[in-house]
Amino acid sequence: MNLIHVIYGTNTIRIEEQATQLAEDYLGETDEFSLVSLNYRETSVEAIIEEAQTLPFLSDRKAIIINDAFLLTGSKVKSDVEHNIDLFLDYIQNKNDDTLMIFKVFNEQLDKRKKLTKLMMKEGAVTEIREMTETEIKDFIKKLLRDEGMDIGDRALGMFLERTGVNYSNVKSELAKVMLYAEEKITEEDVADVVSTSMEQNIFQLTEFVLNGRKEEAVKLVRQLILQKNEPIQLLHLIISQFRLLYQVKLLAAEGFAQDYMAKQLKVHPYRVKLALREAKKHRQGNLEEKMVMCRNMDYKFKSSYLDRDTLFELFIMEI
């Protein structure tokens with residue numbers, strides 16, 4: 001096993017899981033002495049290397065997980081300590097053969113221009129943790145259920161993802177809930193009973209209601225979101241963002257671009273692009289532009305009016 005590992009990406013939970021799995025595979029059994037977790041913001045390079053060179057009590061192996069290793073990115077981050085990066089360069093070329101060092105980097109990409117990054121890519125193992133695609137999420141759900149002797153139908157799975165989206169954290173937590181609730185096969189009724197709808201999916205549904213003239217349903221959803229302690233101005237900004245996405249994918253689709261290209265250009269998950277494109281096709285470009293103008297005008301009203309924001313927002317939803 002390579003003793004230097006770099007795991008990077010924006011999916012923090014999967015990075016955490018991957019790092020823990022690597023450490024467990026290397027150590028066999030873990031305890032507080034053999035598995036050490038350090039934060040790069042708070043721990044100097046000298047202290048990290050000293051830890052790596054010190055064997056644990058009652059064990060001949062050690063794994064060190066270095067959290068938030070921003071030194072491998074181009075980000076300017078304030079740290080509580082001074083870091084001597086040259087010490088890492090020396091250590092990687094003369095590493096302790098009994099210590100596994102795992103760097104967790106919560107960033108979309110590494111800075112490959114840096115000498116340290118180049119050395120780690122040469123001497124170590126570098127793994128990118130991408131956001132999972134819709135297909136990968138579906139396969140993940142089915143495998144997890146299969147491992148537990150459970151199953152889910154296609155309609156129930158579709159309904160589940162309509163509520164959670166394809167965010168790994170949402171999917172995992174909501175799946176755990178419905179697995180406890182359901183029998184061997186998860187049904188649409190099970191999903192409806194216990195699976196919460198994510199904010200992202202709520203906003204998508206709200207804009208869909210607005211665009212299709214379903215005002216009563218839109219107001220009902222707004223009231224639910226406000227009862228959940230969401231501020232009207234926050235909801236408005238999320239709606240503006242969703243209208244902007246619909247507008248952008250409509251323009252890109254008119255130019256013949258594929259969904260994957262749109263997702264990359266707009267820096268959103270392909271699943272969001274898929275849903276947005278499906279909705280945007282139903283509406284004129286001019287209609288989407290009008291909705292965005294109305295939203296911006298409402299934003300100004302929020303900032304200049306002394307009226308109750310909850311009431312203002314409900315009236316706006318009925319008007320738009």
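Each reported figure results from applying straightforward, stated rules to the coordinates on display, with no laboratory input. Note that this is a predicted model, so its numbers are computed, not measured. Reconstructed Cβ throughout: ideal geometry from the backbone, glycine too, with neighbour counts over all protein chains shown.
A compact table of results
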{"quantity": "Exposed-site-free run, longest, the chain (rule: GluC sites (Glu not before Pro); DSSP loop; at most 15 other C-beta within 10 Å)", "calculated": "185-254"}
{"quantity": "Nonlocal amide H pairs with residue 110, under 5 Å, H built at 1.01 Å", "calculated": "none"}
{"quantity": "Convex hull volume per residue in cubic angstrom - Cα atoms of the chain", "calculated": "185 Å³"}
{"quantity": "FRET efficiency, 1/(1 + (r/R0)^6) with R0 51 Å, evaluated for residue 90 and residue 300 via beta carbons", "calculated": "0.30"}
{"quantity": "Net lengthening on full extension, residue 118/residue 179 (0.36 nm per residue, minus Cα-Cα)", "calculated": "17.6 nm"}
{"quantity": "For 299, 25, order by how many other beta-carbon atoms lie within 10 Å, fewest first", "calculated": "25, 299"}
{"quantity": "Net length gained if the chain between residue 228 and residue 283 were fully extended (0.36 nm per residue, minus Cα distance)", "calculated": "16.8 nm"}
{"quantity": "Alpha-carbon Debye profile of the stretch 4-129, log10 I(q)/I(0) at 0.18 Å⁻¹", "calculated": "-0.96"}
{"quantity": "Rounded if a/c under 1.5, otherwise prolate or oblate - the stretch 134-194, Cα gyration tensor axes", "calculated": "rounded"}
{"quantity": "About the Cα centre, charge dipole magnitude for the stretch 199-319 (Lys/Arg +1, Asp/Glu -1 at Cβ), debye", "calculated": "280 debye"}
{"quantity": "Between the stretch 223-267 and the stretch 298-320, the Cα center-to-center distance that results, in Å", "calculated": "20 Å"}
{"quantity": "Average Cα contact separation per residue, the stretch 78-176, under 8 Å, 6 or more apart, as relative contact order %", "calculated": "21 percent"}
{"quantity": "Backbone HN-Hα couplings from phi across the stretch 57-66 [Karplus 6.51/-1.76/1.60, Hz, Gly and Pro as x]", "calculated": "6, 6, 7, 9, 9, 9, 10, 10, 9, 9"}
{"quantity": "Efficiency of FRET from Cβ geometry, residue 187 and residue 31, R₀ 56 Å, rounded to 0.05", "calculated": "0.85"}
{"quantity": "Chymotrypsin sites (Phe, Trp or Tyr not before Pro) restricted to DSSP loop in the stretch 234-263 with at most 12 other C-beta within 10 Å", "calculated": "none"}
{"quantity": "Selection of chymotrypsin sites (Phe, Trp or Tyr not before Pro), the stretch 282-311, meeting DSSP coil and at most 15 other Cβ within 10 Å", "calculated": "306"}
{"quantity": "Shape of the stretch 184-320, Cα gyration tensor, a/c cut at 1.5", "calculated": "oblate"}
{"quantity": "Per-pair calculated FRET efficiency, R0 = 51 Å: residue 2 and residue 215 via Cβ, rounded to 0.05", "calculated": "0.30"}
{"quantity": "Greater than 26 Å apart at Cα, pairs in 76/264; 229/267; 112/267; 122/142", "calculated": "229/267; 122/142"}
{"quantity": "In Hz, Karplus ³J(HN,Hα) per residue of the stretch 129-142 (6.51, -1.76, 1.60; θ = phi - 60°; x = Gly, Pro)", "calculated": "9, 7, 5, 6, 6, 4, 5, 5, 5, 4, 5, 4, 4, 5"}
{"quantity": "Taking 1, 298, 150, 159 and counting other C-beta atoms within 10 Å, the order from fewest to most", "calculated": "1, 150, 159, 298"}
{"quantity": "Phi-based couplings in Hz for the stretch 24-40 (Karplus 6.51, -1.76, 1.60; Gly and Pro marked x)", "calculated": "5, 4, 6, 8, x, 10, 10, 8, 5, 8, 8, 10, 10, 10, 10, 9, 5"}
{"quantity": "Listed residue (280, 306, 226) projecting farthest to the positive dipole end of the stretch 218-318, Cβ model", "calculated": "280"}
{"quantity": "Loop-located trypsin sites (Lys or Arg not before Pro) in the stretch 109-174 whose Cβ has at most 14 other Cβ within 10 Å (DSSP)", "calculated": "112, 113, 130"}
